[in-house]
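One structure is given below, encoded as C-alpha cells.
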C-alpha cells in the first residue's frame, strides 16, 4: 500500500495530454488569430521556431507522440487570451480553490456595486425630500 495521498495518485493517472489537446484546439478556434500568427507569436515568446504543423500535431487527437511542451502553455494562454490550458494543469483541489476565490471576488464586486447604488439612491431620495420640502414651504 502506498503512503502517497490519494489526490497524488489520482493526479498521476490523469491523461493530461488528452485533456490539453481539445482545450488547445478550442482556444485556437475561439481566437481571432490565425494559426500562422499564433505560431509566429509563440516563436518570439519561446525563442525557438514554432510552426503551424507543430500546432497541428499538438492539437490532433491522433498524434499522441507529439506533446505540447510545458513551457509553451503560459505563452499560449497569453497569446490566445485564454487560461483554460493553465487551469487544466492544476489539480482538482487547486481548480476548486481558484474557482472559490473567483466566486468570492465576484460577490465582493457585486456587494460593492450594491452598496454604491444604495448610497446613490439614498442621496437621491434625500435630495428629493429636500426639494419637496422647499416646494411645500415656498
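Bear in mind that the values in this text are calculations on the coordinates, not laboratory data. Predicted model only: the values in this text are computed from it and were never measured. Counting neighbours? That spans all protein chains shown, and the Cβs are built from the backbone with ideal geometry, glycine included.
Quick notes on this structure:
- Among the candidates 134, 108, 102, residue that is under 27 Å from residue 20 (Cα atoms) and assigned to a helix (DSSP H, G or I): 102
- For the criterion of being surrounded by 11 or more Cβ atoms within 10 Å (Cβ to Cβ) and more than 20 Å from residue 30 (Cβ to Cβ), residue 96 passes.
- Scan of region 70-89 for residues that are in a loop (DSSP other than H, G, I, E, B) and surrounded by 14 or more Cβ atoms within 10 Å (Cβ to Cβ), ordered by number: 82, 83
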